Amino acid sequence: MTTNMESILEDLNSTQKDYAKLSRQLNRMSGTVANLTKYVDTMEQRLGDRPQDITANDIMDPEANGEPKQMPTQCQDVFENGGMRFMGDYYIMIKPAGVPHAFKALCKMVNSSGWTVIQKRQDGSVDFYRTWEDYKRGFGSLEGEFWLGNDNIHYLTSQEDTMLRIDMEDWSGKRFYAVYNHFRVDGPKHNYRLHVSGYQGNAGDSLTSLWENHDGMPFSTKDKDNDGRFYDSCAQHYQGAWWFNNCFEAHLNGKYYHKGFHKNYFQRDGIQWNTIHMYSSLKAVLMMVKPADHPRNPTSNEVISDA
């Protein structure tokens with residue numbers, strides 16, 4: 001009997017110790033939750049103070065606004081100086097070499113590098129069937145869908161050898177990527193001609209394929225036809241704007257089709273990457289640039305800057 005009582009008392013004492021330990025852990029967790037709640041409330045308040053529509057055209061004169069004259073030229077500069085260490089979206093003022101004014105950019109950290117996003121498609125909220133002037137200056141919202149602007153893309157890709165990454169998702173949830181080790185867009189005097197090479201990835205090469213090579217093609221819109229088709233306007237026919245040849249293997253500025261309507265077997269005027277699917281429009285796209293991992297010297301006939 002005595003032995004049983006001693007055993008019960010030992011169990012009770014052990015249970016009381018476990019309870020006290022759990023209580024201390026619960027108190028610590030409650031404090032952590034309180035701190036996190038306070039942090040989230042602070043961040044929500046700060047986010048509430050931000051402008052609701054962050055456009056791709058937001059510009060800033062550093063001297064007029066009292067900002068430092070030295071600014072990052074691209075998102076990779078921020079990463080190399082210790083910023084952008086977590087996944088997510090960063091909205092940063094950048095000033096590429098030669099650009100008249102700094103502008104706000106969407107930056108992302110991918111594979112331990114800082115990438116500047118130049119195009120985003122995700123929900124069809126923005127019309128991409130636009131004029132030459134619209135594509136020149138950029139349109140949309142950095143927090144939604146946008147085109148950064150051909151002028152800005154030209155400056156970004158002309159300051160040093162640049163690479164392009166395109167992340168794509170289809171309506172079944174499959175994700176694809178295409179990386180081009182060399183990517184540059186000429187200025188307006190050469191109609192924003194595309195220079196691209198050095199494919200790698202799992203999406204297939206739809207920019208420099210033999211069938212419709214987009215390398216070397218100027219940009220075309222519905223009101224400015226620079227494509228390689230002599231009898232028709234690719235931009236008008238396919239309801240978009242791109243570096244069309246005759247006409248495309250890739251067209252990421254086409255119409256946005258939602259699931260159930262994303263397969264157009266006759267017109268193919270959606271968001272297309274033909275090595276993924278010839279007739280099915282994509283669900284989401286990100287086009288991003290950063291300095292090339294292996295810079296190369298331009299050939300003598302390449303245009304570096306014609307702004």
### Task
Among the numbered conditions (1) touching an Asp or Glu at 6+ places or on another chain (Cβ under 9 Å); (2) more than 11 Å from VAL289 (Cβ to Cβ); (3) in contact (Cβ under 8 Å) with a residue 12 or more places away in the chain; (4) not polar (S, T, N, Q), tell me where GLU133 comes up short.
(3)
#### Entry: Extreme residue, surrounded by the fewest Cβ atoms within 10 Å (Cβ to Cβ), among residues of segment 89-117 that are part of a strand (DSSP E or B) and of a type in the set (A, V, I, L, M)
MET93
### So GLY216, is it under 25 Å from PRO96 (Cβ atoms), in a loop (DSSP other than H, G, I, E, B) and out of contact with any Gly (no Cβ under 9 Å at 6 or more places or on another chain)
yes
### Message
Name the single residue that is farthest from LEU282 (Cα to Cα) among those in segment 147-173 being of a type in the set (Phe, Trp, Tyr) and either surrounded by fewer than 22 Cβ atoms within 10 Å (Cβ to Cβ) or in contact with a Phe, Trp or Tyr (Cβ under 8 Å, 6 or more places away or on another chain) (or both).
### Response
TRP147
### Message
Which of the numbered conditions does LEU156 fail, given that it passes all the others? Conditions: (1) part of a helix (DSSP H, G or I); (2) in contact with a helix residue (DSSP H, G or I) (Cβ under 8 Å, 6 or more places away or on another chain).
### Response
(2)
### Test result for PHE176, buried (at least 20 other Cβ atoms within 10 Å of the Cβ) and aromatic (Phe, Trp, Tyr)
no
### Message
Please go through (1) out of contact with any Asp or Glu (no Cβ under 9 Å at 6 or more places or on another chain); (2) modelled with pLDDT of 50 or more; (3) under 25 Å from GLY140 (Cα atoms) for GLU80 and return the number of the only condition it doesn't satisfy.
### Response
(3)
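Yes/no matrix, rows are residues, columns are (1) surrounded by fewer than 22 Cβ atoms within 10 Å (Cβ to Cβ); (2) among the aromatic types (Phe, Trp, Tyr); (3) without any contact (Cβ under 8 Å) to a residue 24 or more places away in the chain:
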site	(1), (2), (3)
TYR180	no, yes, no
ARG184	no, no, no
GLY187	yes, no, no
TYR192	no, yes, no
ASN213	yes, no, no
PRO218	yes, no, no
THR221	no, no, no
GLY228	yes, no, yes
## Note on the structure
When segment 83-132 is checked residue by residue, the ones that are among the charged types (D, E, K, R) and closer than 13 Å to ASN152 by Cα are LYS95, LYS104
### Query
Does segment 194-223 hold any residues that are of a type outside the set (Asp, Glu) and touching a helix residue (DSSP H, G or I) at 6+ places or on another chain (Cβ under 8 Å), and which are they?
PRO218, PHE219, SER220, THR221, LYS222
### Query
List pairs: first in segment 138-159 and within 19 Å of VAL99 (Cα to Cα), second of a type outside the set (Ser, Thr, Tyr) and assigned to a helix (DSSP H, G or I), Cβ under 6 Å, 6+ apart or cross-chain?
GLY149/ARG137; ASN150/LYS136; ASP151/LYS136
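The values are calculated or read from the model by the stated rules, or taken from the named source; none is laboratory data. Predicted model, so just to flag it, every value in this text is computed and none were measured. Counting neighbours? That spans all protein chains shown, and the Cβs are built from the backbone with ideal geometry, glycine included.
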